[in-house]
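Computed from the coordinates by the stated procedures, all read-outs in this text should not be read as laboratory data. Note that this is a predicted model, so its numbers are computed, not measured. Here Cβ is always computed from backbone atoms with ideal geometry, including for glycine, and neighbour counts include all displayed protein chains.
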Ligand code: 13P
Ligand code: SF4
């Protein structure tokens, strides 16, 4: 029998724990039992597999997930999302045990902004207020003045006095969109999301022609040319709410395909078409998000590993700009 020390060694090598599971186990039921037994909650992002969304206590966008993580009374937070999201939960609620089913679940946007390079970039732009999109590491957050998400970015930018210069990192596409929304000029870090940059403008235009009644809705991480032809732009929660409130019955959706599960659940009579990517496999999946599986969620909760741990000095520094973001969001009813 494998000891817990051996399991820990394996997690640090692989990033996750795999144990042989009885194939007759009802994982949905087992996970529900473990949640009660351990006083644990599962927070899941919309880009997770449908099965994982179905065992979650809360499903949301990055802002909603951070707000839930901050206020939960549960002892354990199992974060079904990517590393920066679990890190944010730990920063906000350090007394809780934060679990991430697969520690390798990263983010191309976060990876595009290494701390040493960002520090040099900041030095080249002294006297700038640093606004960082939440899709970045704790080290980048610790170097920032305010964090934002796709649902509050314009409010965060508008909170900075107009005579102040701004660095916006790491997503240049969101940065460009917010510049247009706010009329503010900003120095942009050159990062992007591999999933939202893959959509093909040409294929979307053809799809729109074939579905003239469909609304085209897009996440602001998409490229400017794609956003220019969108009928509605919003965070994942914003997109989901829009599909519920709009009179349209057909939608072409330019964001990670996992969200279609909640859209179809909320509006079963409406049709949702994933926007086509620029490649031959018709796949808009985020390879990082999809590293989490229902099996890994079960094992992670059962053995309470992998656990997300963080250096306290970085956590404390990263907390300040996140709290500023939460205050601005609250002031705007978000
Ligand atoms: P939101 O869910 O906050 O809109 O972010 C989308 C995303 O890409 C998360 O990685
Ligand atoms: Fe990062 Fe893009 Fe995946 Fe979101 S969808 S986790 S931004 S790579």
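Rounded to the nearest 5, what % of DSSP beta bridges with both residues in the chain are antiparallel? It would help to have the intermediate numbers written out before the result.
Numbers: 2 of 34 bridges.
Restricted to the chain, the bridges split so that about 5 percent are antiparallel.
So if R0 is 30 Å, what FRET efficiency would residue 104 and residue 32 give, r being the distance between their Cβ atoms, rounded to the nearest 0.05? Numbers along the way, then the final one.
Numbers: r = 26 Å, r/R0 = 0.88.
FRET efficiency, residue 104 to residue 32: 0.70.
Mind giving me the FRET efficiency for residue 316 and residue 269? R0 is 45 Å, r the Cβ-Cβ distance, nearest 0.05 is fine.
Values: r = 49 Å, r/R0 = 1.09.
E between residue 316 and residue 269, to the nearest 0.05, is 0.35.
Run the helix sum for the chain: -39,500 (n - 2.57) per DSSP H stretch of 4+ residues, divided by residue count, reported at 222 nm to the nearest 500 deg cm²/dmol. The partial results should precede the final answer.
Details: 16 runs with 147 residues, N = 334.
Helices in the chain give a 222 nm mean residue ellipticity of -12500 deg cm²/dmol.
Spacing of the modelled spin labels on residue 231 and residue 5, each 7 Å from Cα toward Cβ, amounts to 6.2 nm.
Given contacts defined as C-alpha pairs under 8 Å and at least six residues apart, what's the relative contact order of the chain, whole-number percent? Over the chain, the number comes to 23 percent. If the segment from residue 19 to residue 241 were pulled out straight at 0.36 nm per residue, it would be longer than the present Cα-Cα gap by 76.0 nm.
Here the spin labels are modelled as points 7 Å beyond Cα on the Cα-Cβ line, and at residue 73 and residue 295 they lie 3.7 nm apart.
What is the order of 111, 102, fewest Cβ neighbours within 10 Å to most? Kindly include the intermediate steps, with their values, before the conclusion.
Working: 111 17, 102 24.
Sorted ascending by nearby Cβ count, the order is 111, 102.
The ranking of 3, 255 by Cβ neighbour count inside 10 Å, starting from the fewest, reads 3, 255. Sorting 144-150, 323-329, 26-32 by average packing, meaning the other beta carbons within 10 Å per residue, from highest down gives 144-150, 323-329, 26-32. Given Cα pairs under 8 Å that are at least 6 residues apart, what percent is the relative contact order of segment 38-187? It comes to 17 percent, rounded to a whole number. Restricting the calculation to Cα atoms, segment 203-334 shows an Rg/Rh of 1.06 when the hydrodynamic-style radius is the Kirkwood one. Semi-axis lengths, largest first, of the ellipsoid equivalent to segment 45-168 are 28, 16, 13 Å, with √(5λ) applied to each eigenvalue of the Cα gyration tensor. Between 158, 33, 93, the Gaussian network model of the chain with springs among Cα atoms under 10 angstrom shows the greatest mean-square fluctuation at 33. Using a Gaussian network model of the chain with C-alpha springs under 10 Å, which one of 161, 23, 277 is most mobile by mean-square fluctuation? Ranking 161, 23, 277 by mean-square fluctuation puts 23 first.
Using only alpha-carbon positions in the chain, the gyration tensor eigenvalues give semi-axes of 31, 27, 17 Å once each is multiplied by 5 and square-rooted (largest first).
Suppose R0 equals 22 Å; then what is the FRET efficiency for residue 205 and residue 283 from their Cβ-Cβ distance, rounded to the nearest 0.05?
Working from the Cβ atoms, E equals 0.65.
For segment 126-198, the relative contact order works out to 30 percent when only alpha carbon pairs closer than 8 Å and six or more residues apart are counted. Starting from the Cα of residue 180, move 7 Å in the Cα-to-Cβ direction to define the label point; list residues of segment 203-222 whose amide nitrogen is under 20 Å from there. Answer for segment 203-222: 203-209, 215-222.
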